[in-house]
Amino acid sequence: MNREDRKVAEAVKRELPAIARAVDAIVEAMRGGGRLIYVGAGSSGRMAVLDAAEVPPTFGVPHGAIRAFIAGGRQAVTGAVEGAEDAEHTGVTALRGARVGKGDVVLGIAASGTTPYVLAAIKYARGRGATTITITSNEHMPLAQLAKIAINVEIGPEVLTGSTRLKAGTAQKMVLNMLSTAAMVKLGHAYENLMIDAVLTNEKLQERAVRILTEASGASASAAGDALRAAGHNMRVGLVMLKLGVGAGEARKTLAGARGDLRRALGE
């Protein structure tokens, strides 16, 4: 298994040009107020749900900006739902209910490239004018042919024949990591390699925020902690305070004047 797993990163590497195009499409859509919407079934759907759940708290974007639909609904996240991936109409119903339209990106994930639920959803999204992206393991399958941007990670046979939760699942996770992370960075939700917009929902994350501000500003941990509290636990405001030597109110005005562009606010 380990020998086979080593092939996954190389297979993903071969798809970097398509991944880069997909990132640009996602950024363009989200800058215009559009959403990134994943659709998948089984293991692929669970990868989609995981990424959609983790991006908002990591990068401070609204939960509605990134959504995931899995064949069989919520119960399919933790258990198999018999026949769910074959129900074409439910994929269409999910996107219709989400009011998918021209400004959105719909990303279909299916290792086989033939999953009816995902195929129907991508066809519907195309008809609504959404930008379509797919992640498959075979460029010759129907799903890859439907997409505006097809990411086809050819990982070869699985150690356990047909078990796409193995290499195919690893490849999907790697690609989704790249797509969502790179898009969020290009949208300004990071400062250098630091999670400047992370949502501070617990003590561990609040402590991490102090370390982030310390590293980003060069200030002491004590000064970073004071700035974070004065900023209402907003790391962007705290960083502007520390780097420009201003109070919280002035830092907020500076950010507003830069339309939220942190580097512009800092004069960088």
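The values are calculated or read from the model by the stated rules, or taken from the named source; none is laboratory data. Since this is a predicted model, take the numbers as computed values, not measurements. Cβ: placed from backbone, ideal geometry, glycine included. Neighbour counts: every protein chain shown.
Can you report the number of residues in the stretch 212-224 which are exposed (fewer than 14 other Cβ atoms within 10 Å of the Cβ) and outside any helix (DSSP H, G or I)?
2
Consider GLU250 carefully, then state whether it is modelled with pLDDT under 95 and surrounded by fewer than 20 Cβ atoms within 10 Å (Cβ to Cβ).
So GLU250 fails the test.
Yes/no matrix, rows are residues, columns are (1) touching a Pro at 6+ places or on another chain (Cβ under 9 Å); (2) in the same structural domain as ALA18 (by TED's automatic domain parsing):
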{"residue": "GLU139", "(1), (2)": "no, yes"}
{"residue": "LYS148", "(1), (2)": "no, yes"}
{"residue": "VAL159", "(1), (2)": "no, yes"}
{"residue": "THR170", "(1), (2)": "no, yes"}
{"residue": "MET174", "(1), (2)": "no, yes"}
{"residue": "ALA198", "(1), (2)": "yes, no"}
{"residue": "ARG208", "(1), (2)": "no, no"}
{"residue": "THR214", "(1), (2)": "no, no"}
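Please determine whether any residue of the stretch 178-186 is in contact with a Phe, Trp or Tyr (Cβ under 6 Å, 6 or more places away or on another chain) and either among the aromatic types (Phe, Trp, Tyr) or outside any helix (DSSP H, G or I) (or both).
no
Among all residue pairs at least 6 apart or on different chains, which show Cβ distances below 9 Å where the first residue, located in the stretch 174-203, is of a type in the set (Phe, Trp, Tyr) and the second is crowded, with 18+ Cβ neighbours inside 10 Å and assigned to a loop (DSSP other than H, G, I, E, B)?
What qualifies is TYR191/ASP197.
What is the one condition in (1) in contact (Cβ under 8 Å) with a residue 40 or more places away in the chain; (2) over 26 Å from VAL185 (Cβ atoms); (3) out of contact with any Pro (no Cβ under 9 Å at 6 or more places or on another chain) that GLY79 does not satisfy?
Result: GLY79 passes all but (1).
Would the stretch 10-17 turn up any residue that is more than 24 Å from ASN152 (Cα to Cα), outside any loop (DSSP other than H, G, I, E, B) and touching a residue at least 24 places away in the same chain (Cβ under 8 Å)?
No.
List the pairs whose first member sits in the stretch 119-143 and is under 29 Å from THR161 (Cα atoms), whose second member is of a type in the set (Asp, Glu), and whose Cβ atoms are under 8 Å apart, counting only residues at least 6 apart or on separate chains?
Note: pairs meeting the criteria are LEU119/GLU88; ALA120/GLU88; SER137/GLU154; ASN138/GLU154; GLU139/GLU154.
Would you please name the residue that is modelled with the highest pLDDT, looking only at residues in the stretch 55-100 that are charged (D, E, K, R) and surrounded by 15 or more Cβ atoms within 10 Å (Cβ to Cβ)?
Initially, the stretch 55-100 is screened for residues charged (D, E, K, R), giving 67, 74, 82, 85-86, 88, 96, 99.
After this cut, where a residue has to be surrounded by 15 or more Cβ atoms within 10 Å (Cβ to Cβ) as well, the list is 67, 85, 88.
Numbers: ARG67: 96, GLU85: 91, GLU88: 88.
Among residues in the stretch 55-100 that are charged (D, E, K, R) and surrounded by 15 or more Cβ atoms within 10 Å (Cβ to Cβ), the one modelled with the highest pLDDT is ARG67.
Residues being surrounded by fewer than 19 Cβ atoms within 10 Å (Cβ to Cβ) and in contact with a helix residue (DSSP H, G or I) (Cβ under 9 Å, 6 or more places away or on another chain): count how many of those fall in the stretch 102-111.
The initial filter retains those residues of the stretch 102-111 that are surrounded by fewer than 19 Cβ atoms within 10 Å (Cβ to Cβ), namely 102-103.
In the following step, the residues that additionally are in contact with a helix residue (DSSP H, G or I) (Cβ under 9 Å, 6 or more places away or on another chain) were identified as 103.
Qualifying residue count, the stretch 102-111: 1.
Scan the stretch 13-29 residue by residue and report those that are under 15 Å from THR181 (Cβ atoms) and buried (at least 20 other Cβ atoms within 10 Å of the Cβ).
Selection gives ILE19, ALA22, VAL23, ILE26.
Considering only residues of the stretch 124-178 that are among the polar types (S, T, N, Q) and over 22 Å from the mean Cα position of the chain (by Cα), which is surrounded by the most Cβ atoms within 10 Å (Cβ to Cβ)?
Going through the qualifying residues, I end up with ASN138.
Quick one: which of ALA209, ALA227, ALA198 is part of a loop (DSSP other than H, G, I, E, B) and buried (at least 17 other Cβ atoms within 10 Å of the Cβ)? Walk me through how you get there before you give the answer.
Numbers: ALA209 fails: part of a loop (DSSP other than H, G, I, E, B); ALA227 fails: part of a loop (DSSP other than H, G, I, E, B).
Sole residue among the options that is part of a loop (DSSP other than H, G, I, E, B) and buried (at least 17 other Cβ atoms within 10 Å of the Cβ): ALA198.
Among residues belonging to the stretch 60-114 that are assigned to a loop (DSSP other than H, G, I, E, B), in contact with a strand residue (DSSP E or B) (Cβ under 8 Å, 6 or more places away or on another chain) and of a type outside the set (D, E, K, R), point out the one that is nearest to ILE26 (Cα to Cα).
Once the filter is applied, the top-ranked residue is VAL100.
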